[in-house]
Amino acid sequence: MKNLTPKEEQIMNLFWEHGAMFVKELIELYEEPKPHFNTVSTYVRMLEEQGYVGHRTFGTSHQYHPLISRAEYHKRTVRNVITKYFNNSYMGLVSSLVKEEEISLDELKELIRQVEESASDE
């Protein structure tokens, strides 16, 4: 599954927050200046082609709905980053975060504690 562009992700966030909608309803959620109907419709159709949204037909209209949850999208995105930049190594990611001081040693210890607790609950 292809990563979303910022515009596509903006539309998916609206679907995740509001559920199934027609393109007209989607446009109503935008602030002024609102995008053109055809622009949003094109993005939604691209999202459908990529497998992110599906639709139900009502006469000549389509009501679109997300096919993937926000959590699943986040999981896939993180997995893609780890594959692309860290040679499929979660350890490489964590090591990079520690080296770049994006995560402190105390935070890392807390994370390990949480993982250990989670593993013991299973």
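Okay, here's what the table says:
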{"item": "Test: residue in the stretch 17-30 that is at pLDDT 95 or above and either in contact with a Lys or Arg (Cβ under 7 Å, 6 or more places away or on another chain) or on the phi > 0 side of the Ramachandran plot (or both)", "result": "yes"}
{"item": "Residues (surrounded by 15 or more Cβ atoms within 10 Å (Cβ to Cβ) and either in a helix (DSSP H, G or I) or not assigned by TED's automatic domain parsing to the domain that holds Phe15 (or both)) located in the stretch 32-51", "result": "Val40, Ser41, Tyr43, Val44, Arg45, Met46, Leu47, Glu48"}
{"item": "All positions within the stretch 98-122 that are assigned to a helix (DSSP H, G or I) and of a type in the set (Ser, Thr, Tyr)", "result": "Ser118, Ser120"}
{"item": "Residue check for Lys34: more than 18 Å from Met1 (Cα to Cα) and either among the small types (Gly, Ala, Ser) or in contact with a helix residue (DSSP H, G or I) (Cβ under 6 Å, 6 or more places away or on another chain) (or both)", "result": "yes"}
{"item": "Filter result for Met1 (within 29 Å of Tyr90 (Cα to Cα), in contact (Cβ under 8 Å) with a residue 60 or more places away in the chain and not in a helix (DSSP H, G or I))", "result": "yes"}
{"item": "Within the stretch 1-16, considering residues that are touching a strand residue (DSSP E or B) at 6+ places or on another chain (Cβ under 7 Å) and surrounded by 18 or more Cβ atoms within 10 Å (Cβ to Cβ), the one farthest from Thr39 (Cα to Cα)", "result": "Phe15"}
{"item": "Test: residue in the stretch 80-97 that is in contact (Cβ under 8 Å) with a residue 40 or more places away in the chain, within 22 Å of Gln10 (Cβ to Cβ) and in a helix (DSSP H, G or I)", "result": "yes"}
{"item": "Boolean, Asn87 is over 30 Å from Glu110 (Cα atoms) and exposed (fewer than 11 other Cβ atoms within 10 Å of the Cβ)", "result": "no"}
{"item": "Test set (1) part of a helix (DSSP H, G or I); (2) without any contact (Cβ under 8 Å) to a residue 12 or more places away in the chain - Trp16 fails condition number", "result": "(2)"}
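Rundown of residues vs (1) within 28 Å of Phe37 (Cα to Cα); (2) modelled with pLDDT under 90; (3) loosely packed, with under 10 Cβ neighbours inside 10 Å; (4) among the charged types (D, E, K, R), yes/no style:
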| site | (1), (2), (3), (4) |
| --- | --- |
| Val53 | yes, no, no, no |
| Arg56 | yes, no, no, yes |
| Tyr73 | yes, no, no, no |
| Asn80 | no, yes, no, no |
| Gly92 | no, yes, no, no |
| Lys99 | no, yes, yes, yes |
| Asp106 | no, yes, yes, yes |
| Gln114 | no, yes, no, no |
| Glu117 | no, yes, yes, yes |
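The values are calculated or read from the model by the stated rules, or taken from the named source; none is laboratory data. Everything numeric here is computed off the predicted structure, so don't read it as measured data. Note: ideal-geometry Cβ built from the backbone for every residue, glycine included; neighbour counts use all protein chains shown.
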